[in-house]
Amino acid sequence: MAIEVRIPTILRTYTDGAKAVDASGATIEELIGDLEARHPGIKARLVENDKLRRFVNVYLNDEDVRFLGGLGTPVSDGDTVTVLPAVAGG
Amino acid sequence: MLTISRELVDRIIAHATADHPDEACGVIAGRGGVPERFVPMENAERSPTFYRFDSMEQFRVWREMDDNDEEPVVIYHSHTATEAYPSRTDVSYASEPHAHYVLYSTALAQFRSFRIVDGVIEEEDVKILEPGV
């Protein structure tokens, strides 16, 4: 089961420069676990204390997973997951 | 160095002025490092000391840029009580290593541009292209 994960510029150091990689899992959490197995180090950039980092946006297809079920959001074959660091500052 | 048209500079200043005392923010998309398409963004925080792009708006705009083979050439925001220099928060959330981070201070009428890469701030010159030149 393959889900395309789109990787932002700043995290492509973990994916050998790839803009999109495949991963698998039944939920966003499992997907990130699989990403970590393939691209060690990436999980800590996305998750902190078992929650999505506040300034990282993860989208399932066209929806922010925060408005779905967070890390528990189910994903299925053919979905696209997009990671975008929130543009923010003070 | 950031090379940018007078029109785009004026639009950043107008957006910052309109949203004062809250911080204004946005992006200028372009290709080959040339800022062209002005995209004012909503400050989801509506705050005088903080800004954050609305997550759904950012998703749409980033996808549009992807579809157009554009990149975020400039990411701008305003400071409304302090100088136009990146704050610690600006540095910790800077996530576009190829972007010019433009700050405009509505308090001091300062327009400055920076690179922020791996937590390091580097100020750069700004060359403004005047119309008809």
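A simple spin-label model places pseudo-atoms 7 Å from Cα toward Cβ; at A:Thr80 and A:Ser24 they are separated by 2.2 nm. Which of rounded, prolate or oblate describes region B:83-133 when judged by the alpha-carbon gyration tensor and an a/c cut-off of 1.5? Cα axes put region B:83-133 in the oblate bin. The orientation-averaged projection of the convex hull spanning the C-alpha atoms of chain A amounts to 5.6 square nanometres. Counting only DSSP H runs of at least 4 residues, each contributing -39500 (n - 2.57), and dividing by the residue count of the protein assembly as shown, the helix-based mean residue ellipticity at 222 nm comes to -6000 deg cm²/dmol.
Evaluated at q = 0.10, 0.18 Å⁻¹, the base-10 log of the normalised Debye intensity for the protein assembly as shown, with identical point scatterers placed on the Cα atoms, takes the values -0.46, -1.29.
In order along region B:23-35, the phi-based Karplus estimate (6.51 cos²θ - 1.76 cosθ + 1.60, θ = phi - 60°) of 3J(HN,Hα) comes to 6, 9, 8, x, 9, 10, 7, x, 10, x, x, 9, x Hz; Gly and Pro are listed as x. Hey, how many Å between the Cα centroid of region B:1-61 and the Cα centroid of region A:18-52? Spelled out, the Cα-based centre of one part sits 30 Å from the other.
Once fully extended, how much extra length lies between B:Ile128 and B:Val34, figured as 0.36 nm per residue of separation less the alpha-carbon to alpha-carbon distance? Could you put the intermediate results ahead of the total?
Values: separation 94, 0.36 × 94 = 33.84 nm, distance 1.23 nm.
Full-extension gain reported as 32.6 nm.
The B:Thr82 and A:Glu4 beta-carbon pair, evaluated with R₀ = 45 Å, returns a calculated FRET efficiency of approximately 0.60. Chain B and chain A together bury an accessible surface of about 1900 square angstrom, both sides counted, with a 1.4 Å probe and no ligands or nucleic acids included.
Summarising the amide proton neighbourhood of B:Ala24: residues at separation of 5 or more, or on other chains, whose placed amide H is nearer than 5 Å comprise B:Ser78.
Neighbours of B:Tyr101, meaning other residues whose beta-carbon lies under 13 angstrom from its beta-carbon, give a summed charge of -3 when Lys and Arg score +1 and Asp and Glu score -1. Checking the a/c ratio against 1.5 first, then a/b against b/c, what shape does the Cα gyration tensor give for region B:1-119? Taking the square roots of the gyration eigenvalues as a ≥ b ≥ c, region B:1-119 is rounded.
Residues of region B:76-94 with an amide N closer than 15 Å to a point placed 7 Å from the Cα of A:Arg45 along the Cα-to-Cβ direction: B:93-94.
When only alpha carbons are used to place a centre, region A:73-90 and region B:77-133 end up 27 Å from one another. Derived scalar couplings between HN and Hα for region B:113-127 equal 10, 9, 9, 10, 10, 6, x, 10, 9, 10, 6, 10, 5, 10, 10 Hz in order, rounded to whole Hz, by the Karplus curve 6.51 cos²θ - 1.76 cosθ + 1.60 (θ = phi - 60°), x for Gly and Pro.
Legend: residues in region A:1-34 shielded by at least 40 square angstrom of accessible surface upon adding the remaining protein chains to the isolated chain (1.4 Å probe, heavy atoms) are A:Thr9, A:Ile10.
Less than 9 Å Cβ to Cβ from A:Ile10, Lys/Arg counted +1 and Asp/Glu -1: what total charge do the surrounding residues give? Show your work: numbers first, answer last.
Working: positive: A:Arg12, A:Arg45; negative: B:Glu96.
Result for the local shell: +1.
The Stokes-Einstein estimate for region B:26-65, based on a Kirkwood radius over Cα pairs and taken at 4 °C with 1.567 mPa s viscosity, is a diffusion coefficient of 118 µm²/s.
The values are calculated or read from the model by the stated rules, or taken from the named source; none is laboratory data. Keep in mind that this is a model prediction, so the values were computed, not measured. Don't worry about glycine lacking a Cβ; one is built from the backbone with ideal geometry, like all the others, and counts go over all protein chains shown. In case anyone asks, the SASA skips ligands and DNA or RNA and just uses the protein heavy atoms, side chains included. Shrake-Rupley method; radii C 1.70, N 1.55, O 1.52, S 1.80 Å.
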